[in-house]
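> Let me begin by handing over the structure; questions about it come next.
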Amino acid sequence: METPFGKHHWFGNFCCAVAVLLIGLASGMGIADWISSMPTETLTSMGGARPTESSIDRTAWELFAFILRRNMTVFVVLLLGLVSAGTVTIVVLLGNGIAIGQLIGFAKGAGMSNVAVANLLLPHGVLELGALCVAGAVGLQGARIALRLPTLNRACLGSLRLGLVLAYGLASLSVAAGIEAFVTADYAESLRGWS
């Protein structure tokens, strides 16, 4: 018996999650370009706070815990689309895409090479964004749940396999946080002199 959350819906929802993230990414890059084109006086009057040395001085394990906690929070919030008809999921994916796009846009605007940006983002980003898109695909099932609420039963909810999704998210995001804390952070430190 095919449930309303069968396998054929996962790929479409995953593609939709990736598309929303990419729209956010493109928007974020556009925002970064727009901000970079402002006169310097305007940017300094916006009051952008610079990180202090004490906020930068974290051990790799503290950084790992911080990154994992932050990413797992985003992962779980993406799943809240199940109870919000996918709305929370779309907003969070879009917001994360915008943040990543701005990061890339500002790095490119400051003269960082494509290779350096790729080296900073790809090693951990593939796992991290992949896991977030899987959570997004699950969260987007919320729209289907809202439409089929009268026929919702235990088999339908079981087909979501939330335990498996959470285990995958924890494993994937742990590896990504490890790469970001122990590899990417060292690489980023070596680039401090590029600006």
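The values are calculated or read from the model by the stated rules, or taken from the named source; none is laboratory data. Just so you know, these numbers come straight off a predicted model, no measurement behind them. Note: ideal-geometry Cβ built from the backbone for every residue, glycine included; neighbour counts use all protein chains shown. When the accessible area is computed, the model is the full protein with side chains, heavy atoms only, and any ligands, DNA or RNA have been set aside. Shrake-Rupley method; radii C 1.70, N 1.55, O 1.52, S 1.80 Å.
> Of everything in the range 96-116 that's surrounded by 15 or more Cβ atoms within 10 Å (Cβ to Cβ) and of a type in the set (V, I, T), which residue is nearest to S36 (Cα to Cα)?
Taking the candidates together, the pick is I104.
> Moving on to the next point. Identify, from the list I56, I67, I145, the residue that is at pLDDT below 90 and closer than 23 Å to L191 by Cα. Give the derivation first.
Numbers: I67 fails: at pLDDT below 90; I145 fails: closer than 23 Å to L191 by Cα.
Testing whether each residue is at pLDDT below 90 and closer than 23 Å to L191 by Cα leaves just I56.
> Given the residues L78, L140, L147, L132, which is the only one that is open to solvent by 30 Å² or more (accessible area, probe 1.4 Å) and not hydroxyl-bearing (S, T, Y)?
L147
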